[in-house]
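Here is the structure we will look at, set down as structure tokens.
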Amino acid sequence: MADTNTLNALIEALRRLPGVGVKSASRMAFHLLQHDRPGAQVLAQALERAATQIRHCTQCHTFTENEVCSTCLDPRRDRSKLCVVETPADQAALERTAAFKGLYFVLMGKLSPLDGIGPKDIGLAKLFARATDGVVQEVILATNFTAEGEATAHVIGDALKERGLNVTRLARGVPAGSELEYVDLGTIAHALVDRR
């Protein structure tokens, strides 16, 4: 077989993606090289552009090509509501619902003492400054319902309540269209506690 250093480097690069192991990375690499070289060029150029042009919004930390993202600049957004999420992907999921018309703050992570991730690592000082700007009236904590996400929401919630802000948390419950016998017990328990 010919020199494989470049091929191995491509496979190792593809393995950096979440959920991609050696077999999947190899399959992608061979497919691109054997069947879709133009697609490989498009992918390489898109990655290069994204890596060099996309940065964090100076106000909310989401991804943007500009200093301030389009959501933060949108005059139609309700500036009295600030939704705190862990990642830009979480923000995108909330935006797809078209149910929230306020602004966001993206933590770019969650508190995880075991991994050495503390308040400074996820920008809590910047969040507190933004939330106490005199315009924000309600902070909606939309961190994930994992142990770390819950701990992050608890720390943020307590700190913001001490600063006199109205703090709410995303509701948890039984998904629409589901049958109770198939829903996990933790979800049912939370739905009972958080019933309205």
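Here is a yes/no grid of residues against (1) over 16 Å from residue 62 (Cα atoms); (2) modelled with pLDDT of 85 or more; (3) surrounded by 12 or more Cβ atoms within 10 Å (Cβ to Cβ):
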residue: 111; (1), (2), (3): yes, no, yes
residue: 114; (1), (2), (3): yes, no, no
residue: 121; (1), (2), (3): no, no, yes
residue: 144; (1), (2), (3): yes, yes, yes
If you scan region 70-114, which residues turn out to be in contact (Cβ under 8 Å) with a residue 24 or more places away in the chain and small (Gly, Ala, Ser)? 80, 102, 112
Filter result for residue 133 (in a helix (DSSP H, G or I) and either out of contact with any helix residue (DSSP H, G or I) (no Cβ under 8 Å at 6 or more places or on another chain) or more than 19 Å from residue 57 (Cα to Cα) (or both)): no
Just checking, how many residues over region 159-169 are surrounded by 13 or more Cβ atoms within 10 Å (Cβ to Cβ) and outside any helix (DSSP H, G or I)? 5
Pull out all pairs, ordered by first then second residue, where Cβ-Cβ is under 6 Å, the residues are six or more apart or on different chains, the first lies in region 130-142 and is without any contact (Cβ under 8 Å) to a residue 60 or more places away in the chain, and the second is open to solvent by less than 10 Å² (accessible area, probe 1.4 Å) and part of a loop (DSSP other than H, G, I, E, B). none
Anything in region 3-43 that is more than 31 Å from the chain's Cα centre (by Cα), open to solvent by 50 Å² or more (accessible area, probe 1.4 Å) and in contact (Cβ under 8 Å) with a residue 12 or more places away in the chain? List them, or say none. 33
Number of the condition not met by residue 75 [criteria: (1) of a type outside the set (Lys, Arg); (2) over 26 Å from residue 136 (Cβ atoms); (3) open to solvent by 100 Å² or more (accessible area, probe 1.4 Å); (4) in a loop (DSSP other than H, G, I, E, B)]: (2)
Given the conditions (1) in a strand (DSSP E or B); (2) among the aliphatic types (A, V, I, L, M); (3) open to solvent by 10 Å² or more (accessible area, probe 1.4 Å), every one holds for residue 84 apart from (3)
When residue 148 is run through (1) without any contact (Cβ under 8 Å) to a residue 24 or more places away in the chain; (2) open to solvent by 60 Å² or more (accessible area, probe 1.4 Å), the failure sits at (1)
For region 170-191: of the residues being open to solvent by 90 Å² or more (accessible area, probe 1.4 Å) and not in a loop (DSSP other than H, G, I, E, B), which is farthest from residue 141 (Cα to Cα)? 181
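The values are calculated or read from the model by the stated rules, or taken from the named source; none is laboratory data. This structure is a prediction, so every number in the text was calculated from the model and none was measured. Counting neighbours? That spans all protein chains shown, and the Cβs are built from the backbone with ideal geometry, glycine included. Note: areas computed on protein heavy atoms with side chains; ligands, DNA, RNA excluded. Shrake-Rupley method; radii C 1.70, N 1.55, O 1.52, S 1.80 Å.
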